[in-house]
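Before any comments, here is the structure.
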Amino acid sequence: MSRGLYTAASAMVADAERFEAISNNLANINTHGFKRQQTVHHDFEVGLLRRMQASQMGVRQHREGLAEALYRPDSDQTLGQLGTGSLVQETWTDFSDGGLEQTEAPLDLALQGEGFYVLSSEAGETFLSRNGAFTQDNEGFVRNPAGLYLLNQNGSPLQIPAGVSRLVVSQNGEVFADGVSLGTLQRVRYAEPQRLLHRGGQLFQALPQQEAQPAETRVHQGYLERANVDVASEMVQMISAMRAYQISQKALQTEDDMTGRLINEVGRATV
């Protein structure tokens, strides 16, 4: 394949993935606890360009009477590198805080600062989340929108006794039901949060080798954390990705036209 065709095509693929990530950010502008994502690009392949210099040119006479120029390089010079296109290396997640939205619901708990809630499934599988929209089931257990249990620091699910008239959650995560402590919400952080696995629904999971550390994340009762997506910034990036895609598309068409002319016109025998 022509280098130009390959370079333009790979750029179009990378721009399409970038556009998709931006579109996903905008689609989740009203999703609580959502963290924006962006693509990270790098060169797919880099080749080293050299200029060959000849100091001697000779002519050799073949038996058929044909002359051939002999190219005898004695040195070369590095000109630089030439890329063959770009690709998306990874999708980077921005874990910065989102704004607070007041709801006054006692089980709406927004986090501010570095860290995650720890959740557990019925099977005991552990998940992480920043979405603090919790509800209480018939048995008093506090669950997230996906039905996962919210865990205390001791690893047990938070359970609110029946008949509680006043529920208070302090900023350090301690839960009080009518003045009686029910424990402190477990909040953890990781040295490399970018390595966390995305599980959908604003849920993450840590790799086995990642070690959780206690987090001092503040808890705000009666609030929810908004998505950390800036609409104006995302729209600007979307326009940029669209323009870059169009430029790469034009380059691909130009390269295709040049290749067609080379095949159909250059070297055609003239009568």
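The values are calculated or read from the model by the stated rules, or taken from the named source; none is laboratory data. Values in this document were obtained by computation on a predicted structure and should not be read as measured data. Neighbour counts are summed over all protein chains in view; Cβ atoms, including those assigned to glycine, are modelled from backbone coordinates with ideal geometry.
Just a few scattered comments:
- Candidates Ala251, Ala269, Ala215, Ala241, filtered to the one that is at pLDDT below 95, under 18 Å from Gly33 (Cα atoms) and among the small types (Gly, Ala, Ser): Ala215
- Being out of contact with any Ser or Thr (no Cβ under 6 Å at 6 or more places or on another chain), surrounded by 12 or more Cβ atoms within 10 Å (Cβ to Cβ), modelled with pLDDT under 95 and within 30 Å of Leu185 (Cβ to Cβ) holds for only one residue in His198, His220, and it is His198.
- Output for region 161-175, where each listed residue is of a type outside the set (Gly, Ala, Ser), surrounded by 15 or more Cβ atoms within 10 Å (Cβ to Cβ) and within 19 Å of Ala110 (Cβ to Cβ): Leu167, Val169, Glu174, Val175
- Strands (runs of 3 or more DSSP E) wholly inside region 65-140 that include at least 2 residues being at pLDDT 70 or above, within 30 Å of Asn154 (Cβ to Cβ) and within 23 Å of the chain's Cα centre (by Cα): 109-112, 116-120, 126-129
- For region 1-35, the tally of residues that are without any contact (Cβ under 8 Å) to a residue 40 or more places away in the chain and small (Gly, Ala, Ser) stands at 1.
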